[in-house]
1. Just a yes or no: is a residue in region 134-147 modelled with pLDDT of 95 or more, surrounded by fewer than 18 Cβ atoms within 10 Å (Cβ to Cβ) and more than 22 Å from S337 (Cβ to Cβ)?
2. Name the residues in region 409-424 that are in contact with a Phe, Trp or Tyr (Cβ under 7 Å, 6 or more places away or on another chain) and away from the ligand (no atom under 13 Å from the Cβ), would you?
3. Mind telling me which of the residues S154, S223 ends up being surrounded by 18 or more Cβ atoms within 10 Å (Cβ to Cβ), in contact (Cβ under 8 Å) with a residue 40 or more places away in the chain and away from the ligand (no atom under 16 Å from the Cβ)?
4. N181 passes all but one of (1) closer than 30 Å to I32 by Cβ; (2) surrounded by fewer than 21 Cβ atoms within 10 Å (Cβ to Cβ); which number fails?
5. Which pairs turn up if I take residues in region 228-239 that are assigned to a strand (DSSP E or B) and look for partners that are surrounded by 15 or more Cβ atoms within 10 Å (Cβ to Cβ) and among the hydroxyl-bearing types (S, T, Y) with beta carbon separation below 8 Å, at least 6 apart in sequence or on another chain?
6. Does L15 count as within 19 Å of S102 (Cβ to Cβ) and at pLDDT below 95?
7. Restricting attention to region 392-415, does a residue exist that is in contact with a Lys or Arg (Cβ under 9 Å, 6 or more places away or on another chain), surrounded by 16 or more Cβ atoms within 10 Å (Cβ to Cβ), in a loop (DSSP other than H, G, I, E, B) and touching a residue at least 60 places away in the same chain (Cβ under 8 Å)?
8. With in contact with a strand residue (DSSP E or B) (Cβ under 8 Å, 6 or more places away or on another chain) and either surrounded by fewer than 17 Cβ atoms within 10 Å (Cβ to Cβ) or more than 24 Å from L175 (Cβ to Cβ) (or both) as the only criterion, which of S95, S102 stands out?
Amino acid sequence: MIRSFVVLFLLCNALSFAQEVNIIPQPIQVTISDGSFTINAKTSLVVTNDEDKNTVVFLNKYLKDYYGFELPIVKKADKNCIQLKSLKGIEGLKSEGYSLSSDEKGVEIIGNSAIGTFYGMQTLIQLLPTEKSNTLVIASVNVKDEPRFAYRGSMLDVGRHFFQVAFVKKYIDYLALHKMNYFHWHLTDDQGWRIEIKKHPKLTEIGSKRNGTIIGHDPGTGSDNTPEGGFYTQEEIKDIVKYASDRFITIIPEIEMPGHSSAAIAAYPQLSCFPDEKTEQLTDDQISDKSRQEMANGRKKVVQETWDVFNDVYVPTEYTFQFLQDVIDEVVTLFPSKYIHIGGDESPKNNWKRSEFCQQLIKEKGLKDEHELQSYFIQRMEKYINGKGKTIIGWDEILEGGIAPNAVVMSWRGENGGITAVRYKHYVIMSPSSHVYLDYSQTQNEKELTIGGYINLEKVYSYEPVPEELNVEEAKYIMGAQGNVWAEYINNPAKVEYMIFPRLSALSEVLWSPKEKKNWSDFQTKIETQKKRYSLWGANYFKGQN
Ligand code: TNX
């Protein structure tokens, strides 16, 4: 009597757990049946294809980290198992597609390729309980799924604040857990150069460090007088690239040009139009005591310590082009990505206007103005990068003065840049600051210091990457979208997590799920479960109302 009571109790418990099916991003098709499957330490992972090895490693690490046990890996199916199968060609699905079915007997994940299996495994993870346990009860489901967009990305700015290798890997894991496939790594900016370039060692010796950081928003309350710095060695970069690729994530490195280049100029002042002019700082009391002193003693260029758009940009001399080509030579050996991001945003033309050299060059090349000079700059670099078998991506300013012939445009100042680029038959990644800037505040009375703006969860969720203005043919040029994490006011991993969660989860559904499957009210229910997953991961997240 007592025994059957216990059995009944366990059964009810199992069934009530099994009801929880809250998958983000929403799959194309999910059917839930009665019953459940229980994963315990004896459940085996059946893998027949070597190409699924990384997927199994990921799953076992996840189980170990968050539930405290791993599963034995075997080659033959038995009772109580999770089977992974990569096949080529499940009818009606793209190569990233997968199916997942679970019932009392076990789980079967079939990928249309190893990528598909990996995403199927991510869905399995979403079926697991949100609390630590030795027995993991999952619902009986049938899922069929594939992504809507080919480009599902996020950018992390490590130029404004450096983030350690371990956190970069964690960030990559967060993307993988959301079935995202591009990590745009913003490696250089005015306030820090973060990638080791062997041919130009001062880039990291000088350019990766600054003597202080402005406190608060401009005009601020002075400098924190605390050194900030760090860079990734080429060995570390190779390791991170491999880490990402094991998760089917491509890393796109960004090397900013011609603007946002103060850190490189501090290292090699000849890259400036005016090597002998001092670095412009907003006001004297915003910079660190150390830099102020050094400049009083005759130092000309320093790595920037405030947040602004600066006039001191690369001068388009042969010296600069050779320098940038050297950088690219090393970058392309480190990153297998087809795409190299060359920045191109926010490059003021004031110094080019004042520079005799630039004015002479404009005349010589028959250019109309400084905007055309910027196009000349970008096009020349594009040609070089194309010669390495790579395609450039640039922020939408690269449209001004004539677009480089093969460039992909990343539209950030709204969607107009993207729309124009599509009309020129260029591929586009949407990243408008109106909807997917994850550095903006997520509530109107944000207590944390942020850059400003206001983009709440619903706003991100409501984002539609294909503008209405585009017809079906044109829409094909929209590769997808990405959320950007600019790090002026984000100086530690917990703050990054606070800024991306839960908004990254909303973005993942924008990018993955069919438009007609999106449902804000369902998402609001699902996100409550997802928040418990953040907690399980030990991740920080925004808990306020918005
Ligand atoms: C604009 S978006 C920038 C960044 C800033 C960001 C702050 C873009 C291409 N440039 O340099 O960090 O705004 O939100």
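1. Within region 134-147 (the criterion being modelled with pLDDT of 95 or more, surrounded by fewer than 18 Cβ atoms within 10 Å (Cβ to Cβ) and more than 22 Å from S337 (Cβ to Cβ)), the answer is yes, since at least one residue qualifies.
2. V422
3. Working: S154 fails: away from the ligand (no atom under 16 Å from the Cβ).
Residue meeting the stated conditions: S223.
4. It is condition (2) that N181 fails.
5. Note: pairs meeting the criteria are E228/T213; G229/S208.
6. On the way: within 19 Å of S102 (Cβ to Cβ): yes; at pLDDT below 95: yes.
Yes, satisfied.
7. Looking through region 392-415, none of the residues is in contact with a Lys or Arg (Cβ under 9 Å, 6 or more places away or on another chain), surrounded by 16 or more Cβ atoms within 10 Å (Cβ to Cβ), in a loop (DSSP other than H, G, I, E, B) and touching a residue at least 60 places away in the same chain (Cβ under 8 Å).
8. Numbers: S95 fails: in contact with a strand residue (DSSP E or B) (Cβ under 8 Å, 6 or more places away or on another chain).
S102 is the lone residue from the list that is in contact with a strand residue (DSSP E or B) (Cβ under 8 Å, 6 or more places away or on another chain) and either surrounded by fewer than 17 Cβ atoms within 10 Å (Cβ to Cβ) or more than 24 Å from L175 (Cβ to Cβ) (or both).
The values are calculated or read from the model by the stated rules, or taken from the named source; none is laboratory data. These numbers were taken from a predicted model, which means no experiment stands behind them. Glycine gets a Cβ as well: all are built from the backbone with ideal geometry, and neighbour counts include every protein chain shown.
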